[in-house]
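To start, the structure under review is shown below, and the notes come after it.
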Amino acid sequence: MIKQKASLKSISACLEGLMSSKRLDHSFRVADTAKQLAKHYALDEESVELSAMLHDISKELSLDDFDRYQIVLPGPIKELYAHFPKVAHAFSGPLLIKHFFEPLDQRVYDACMWHTTGKATMSDYESLMYVADYCEPHRKDRDVDYYLRVAKENLNQAVAEIAFASLRYLTESKAIIHPFSLQCYNGYLVHLN
């Protein structure tokens with residue numbers, strides 16, 4: 001397979017074959033939100049936009065799909081599909097991106113990897129993707145305007161508050177919480193205090 005140069009056009013075409021139109025629309029909204037934040041923080045808007053478009057590339061794929069594409073997932077990522085299926089796509093996504101596209105800036109892969117769980121210390125690009133995914137405009141179960149206001153004042157504060165809200169939701173749902181999510185919350189509380 002010939003790898004494509006990553007552009008909005010090639011990414012959109014690729015994603016149309018990998019995800020539902022609803023998921024693709026979500027990716028466009030995350031990209032719009034991420035670009036706003038990137039402009040505010042003077043970050044590379046192209047890298048941010050590519051990350052946002054690609055962040056859910058493997059969200060709707062199964063382990064069988066990876067086999068079909070002849071992508072060998074490392075054991076720990078396969079285990080995520082068994083124990084943490086809602087976050088597994090974040091860790092398998094960069095492998096799929098590398099499969100379809102020519103090499104990208106490492107920040108793109110890292111932002112995609114940490115957009116769901118976060119981690120104790122994140123770069124501005126990783127934090128921005130974590131926040132943008134949580135705050136895209138069609139998320140009706142949360143006050144996205146509040147979190148975006150916080151993000152524009154203090155990105156680290158927004159990460160801490162989103163991590164807390166996510167943990168509260170997961171706890172109330174009696175869901176298993178990935179250790180990275182806990183480390184994200186704890187790390188950002190320590191960082192802010």
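The values are calculated or read from the model by the stated rules, or taken from the named source; none is laboratory data. This is a predicted model, so every value here is computed, not measured. Ideal geometry is used to build each Cβ from the backbone, glycine not excepted, and the neighbour counts take in all protein chains shown.
Structure above, values below:
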item	result
Residue in segment 148-156 that is among the β-branched types (Val, Ile, Thr), closer than 19 Å to Val48 by Cβ and within 18 Å of the chain's Cα centre (by Cα) present	no
In segment 142-193, the residues that are free of Cβ contacts under 8 Å to residues at least 12 places away in the same chain and surrounded by 14 or more Cβ atoms within 10 Å (Cβ to Cβ)	Val144, Val150, Leu170, Ile177
Residue match in segment 2-16 (condition: among the aliphatic types (A, V, I, L, M), at pLDDT below 95 and more than 20 Å from Ala90 (Cβ to Cβ))	yes
Residues (buried (at least 18 other Cβ atoms within 10 Å of the Cβ) and of a type outside the set (Val, Ile, Thr)) located in segment 3-23	Ala6, Cys14, Leu15, Leu18, Met19
